[in-house]
Amino acid sequence: MKKVILCFSILFLSLVALTGCKKKPKLYLLNWNEYLNGDLVKKFEEQFDCKVVQLASESNEDMYTVISNGQYPVDIAIPSDYMIQKLANEKLLNQLDFSKMSNYQSDMFDENLANLRASYFEGNESYAVPYFWGTIGIMYNDRTPGLEEVIQQNGWDVFFDETLVDKNQVKMGMYNNPRDAIAVAELYLGYSLNTTNSDELTNVQNLLVKQNQTFDVKYAADDLKKWVAGGLNLDFAIVYSGDFFDQLYILEEDGSDQYINMYVPDNTNLYFDAMVIPTTSKNTDLAYEFINFMLDTDNIVENVSYVGYCPCTKLAIEALQNDEYYADLLEKYPVFYPGNTKNGEVYRDLGDDIYRRLTEIYNAGRNA
Amino acid sequence: MKRFSKLSIPYLIWMSLLVLIPIAILIIMAFQETKGIKIFEGKLTFNNFKVLVDDYFIESLWLSFLYSGISTVCCIFIAYPIAYIIARSHFNNRFLVLCFLVLPMWSNTLLRTKAIASLFMEGNIISSMLAKIGLELPTLDLYGKPLGVIIGMVSMYLPFMILPIYTVLEKIDKSLYDASDDLGANTFKTFWKVTFPLSLKGIVTGIILVFLPCATGFGIAEGLGESGLIGTFIQQNFGNNITYGVGALVSIVILIIITASLFIVGKVDKEGETLL
């Protein structure tokens, strides 16, 4: 009997101890890896006496499954444009109440971004608050002499045209996710990034197969930027603008003299990641506080120093222009500001059948 | 004995929670076309079964078995001599030697895969060290090449082949060797007629331990730049495609193949000496 009492009292005490931990409210944040400055998280936790639980995601589709399965009470997610469209279509997002965010003004965002959003699916502004935006482009180094000029003159053609580059010499990198790999081929062929035309998709497939058979192509994710910056294993690769600057900061910190640069052709993919409150949210008020917190100009600038993408608000961009380091950076690398893109197209939600077809095309190309 | 049978209750609960229920969910999902895990909402459908005649699926399944078959054979040929030498040696501390062989297994698989991948690229740690002393050797460009994947699989799973073979070799009664010697057999004949037949069980166990994870694994091949295998196929269905039903069905099919092969092994090995 004594043992039973002892067991129960231990159980009871541990329960008390556990509930003691739970007192602080929790904010479940579904985010990409290395996409939020850790100092800001601490600051937010202190300011609002809460705990931020970060759930890391590797793709938009990951985020979709986490939200739609309801595994976690996700309060804030930061998916990209086309996934916001999909989530909104399936009624998995809350309409935002902008009166709850004192830092929010409808005209606070960069003009080019605002135009982009206005041309996007109807009502997207009411679900999401932009976090960062960027483009895709060609990151390259100086391993092969003369390549820089070829890339700047020919853009996406360097991935496919063997008259431009020596196929025995250059090594190129492609993203190992279907949508971005296929985008390179679509941009080269002059198709829309959202094409669902089956003839066009067949052409894309043939092109990717031929590319892999002709050239030394490496498919990877985060490794691409490292390999280009390593200066040995890749000459050029398709990368997100944020990835390029991430790598540039690292090289600067290391004091490396490896030359890297990025070229964004006129026609490219533009994207914005935005904060949304999924219907799974339980701590909605705290979620609003978080969005509000992330709209504060000082916080945005602090976040930029860590992330490498371009901020979305006019004030933050202005603050960067007034900063010596970033003014220099903006001048030297105009690709930092996605608004410079002349002909950017945003991905749209294409429906599940097309995604299956895209994976098929990608597999055929990658395993050719 | 009965008193101890109660001790198995936690194990049974554990098994049903973490093995039986998930498999049941997989089976239900295989007959549905839901996005995500919604086992009570979906409708019954056989559409997922189309994947079983899909060329790409068959090709990647075949390729997986080919890769892991080659890797397993390589493992046997590398592991057997090692296990044999250690088992027959007169080291005082054979256990220590074994530990060194198994040591890499204790570090993270992903880390080891990344390390091997970087060895297959230019500017890797070995070539840069050699370059410092003036030796410029061409780098093995094996990233994404079949040979690279097989080297990766072999190095990853070699300990799983060495250990069972070593265990059976160690157990062989030493007097059998003396008897064979007395009866006039030379070393080679002793090995072929005595040692090898007695160690077959260890080889079979090793094959099971190496072949199955090689065939169904995802991380090693993907980390070494090969994405045409069945593991990646399943991952894509749970990832980019969000077709959980298809992914679940393919997993079930592989599960059936594995169970069937273990069943066959069990039939052949009636004495149950395989270290399963």
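The values are calculated or read from the model by the stated rules, or taken from the named source; none is laboratory data. Every value quoted in this text rests on a predicted model; they were computed, and no experiment measured them. Glycine also receives a Cβ, built like all others from the backbone with ideal geometry; neighbour counts cover every protein chain displayed. We work out accessible area using only protein heavy atoms, side chains counted, and drop any ligands, DNA or RNA first. Shrake-Rupley method; radii C 1.70, N 1.55, O 1.52, S 1.80 Å.
With 20 Å as the limit on Cα-Cα distance, the pairs of A:Lys86/B:Lys38; B:Lys201/B:Lys267; A:Lys218/B:Lys132; B:Lys171/B:Lys193 that go past it are A:Lys218/B:Lys132. Across the options B:Ile133, A:Leu358, B:Ile37, the greatest Cα extent toward the positive end of the charge dipole of the protein assembly as shown (unit charges at beta carbon of Lys, Arg, Asp, Glu) belongs to B:Ile37.
Sort out for me the Cα centre separation of the range B:143-180 from the range A:105-144, rounded to whole Å. Here the two parts' Cα centres lie 56 Å apart. For the range A:249-291, the Kirkwood estimate of the hydrodynamic radius, built from every pair of different alpha carbons, is 15.1 Å. In the range B:96-205, Rg over Rh equals 1.17, where Rg is the alpha-carbon radius of gyration and Rh the Kirkwood radius from pairwise Cα distances. With the helix formula -39500 (n - 2.57) applied to DSSP H stretches of n ≥ 4, chain A reaches a computed 222 nm mean residue ellipticity of -14500 deg cm²/dmol. In chain A, the DSSP beta bridges split such that about 50 percent are antiparallel, to the nearest 5.
When Rg and the Kirkwood Rh are both derived from Cα coordinates, the Rg/Rh ratio for the range B:91-155 amounts to 1.10. Each distinct pair of alpha carbons in the range A:214-368 adds a 1/r term; the inverse of their mean, the Kirkwood radius, is 18.4 Å.
Surface composition of the range A:71-151: carbon and sulfur make up 44 percent of the accessible area, probe 1.4 Å. Rounded to whole Å, the principal axis extents of the Cα atoms in chain A read 84, 50, 44, largest first. Note on the range B:171-238: semi-axes of the ellipsoid equivalent to its C-alpha gyration tensor, largest first and rounded to whole Å, are 44, 11, 7.
A straight line joining the Cα centroids of the range A:316-332 and the range B:15-37 runs 53 Å.
With the Kirkwood sum run over all distinct C-alpha pairs, the protein assembly as shown has a hydrodynamic radius of 28.4 Å.
For the range A:90-212, a Kirkwood radius taken over Cα pairs fed into Stokes-Einstein (4 °C, viscosity 1.567 mPa s) yields D = 72 µm²/s. Shape descriptor for chain B: Rg over Rh equals 1.05 (Cα atoms; Rh from the Kirkwood inverse mean 1/r). The alpha carbons of the range A:159-237 stretch over 39, 28, 17 Å along the principal axes, in descending order.
If you rank B:Leu137, B:Leu224, A:Leu232, B:Leu7 by how much accessible surface each has, with a 1.4 Å probe, what is the order from largest down?
Heavy-atom accessible area, descending, gives B:Leu7, B:Leu137, A:Leu232, B:Leu224.
With both partners inside the range A:130-248, how many of the DSSP beta bridges are antiparallel, as a percent to the nearest 5? Bridges in the range A:130-248 that DSSP calls antiparallel: roughly 40 percent. The accessible-area ordering, largest first, of the residues A:Lys42, B:Lys35 stands as A:Lys42, B:Lys35, per a 1.4 angstrom probe. When the convex hull of its Cα atoms is viewed from all sides, the range A:278-368 shows a mean projected area of 10.0 nm².
Of A:Lys26/B:Lys114; A:Lys210/A:Lys342; A:Lys42/A:Lys282; A:Lys210/B:Lys145; A:Lys171/A:Lys210; A:Lys51/A:Lys282, which sit over 25 Å apart, Cα to Cα? All intermediate terms of the calculation are to be shown ahead of the outcome.
On the way: A:Lys26/B:Lys114 35 Å; A:Lys210/A:Lys342 29 Å; A:Lys42/A:Lys282 21 Å; A:Lys210/B:Lys145 18 Å; A:Lys171/A:Lys210 15 Å; A:Lys51/A:Lys282 14 Å.
Checking Cα-Cα distances, A:Lys26/B:Lys114; A:Lys210/A:Lys342 exceed 25 Å.
Pull up all non-local amide H partners of A:Phe109: gap of 5 or more, or a different chain, and H-to-H distance under 5 Å with H placed in the peptide plane. For A:Phe109, whose amide H was placed from the backbone, the distant partners under 5 Å are A:Lys314. Both chains summed, the buried accessible area for B and A stands near 2100 Å², from protein heavy atoms and a 1.4 Å probe. Dimensions of the range A:47-145 based on its C-alpha atoms, expressed as ranges along the principal axes with the largest first, amount to 54, 34, 34 Å.
Shown for the range A:327-366: the carbon plus sulfur share of the solvent-accessible area, taken with all protein chains present and a 1.4 angstrom probe, equals 44%. Here, the range A:279-326 has an Rg and a Dmax of 13.1, 42 Å when only alpha carbons are counted.
When DSSP beta bridges are restricted to pairs lying wholly in the protein assembly as shown, around 50% turn out antiparallel.
In the range B:220-260, burial by the other protein chains removes 50 Å² or more of accessible area from B:Ser227, B:Gln236, B:Asn240, B:Asn241, B:Ile242, compared with the chain on its own (1.4 Å probe, ligands and nucleic acids ignored). Rolling a 1.4 Å probe over the protein heavy atoms gives the protein assembly as shown an accessible area of 51 Å² per residue.
Residues of the range B:96-141 buried by at least 40 Å² of accessible area upon assembly of all protein chains, compared with the chain on its own (1.4 Å probe): B:Met121, B:Glu122. Assuming charge only on the beta carbon of Lys and Arg (+1) and of Asp and Glu (-1), the dipole of chain B about its Cα centre is about 840 debye to the nearest 20.
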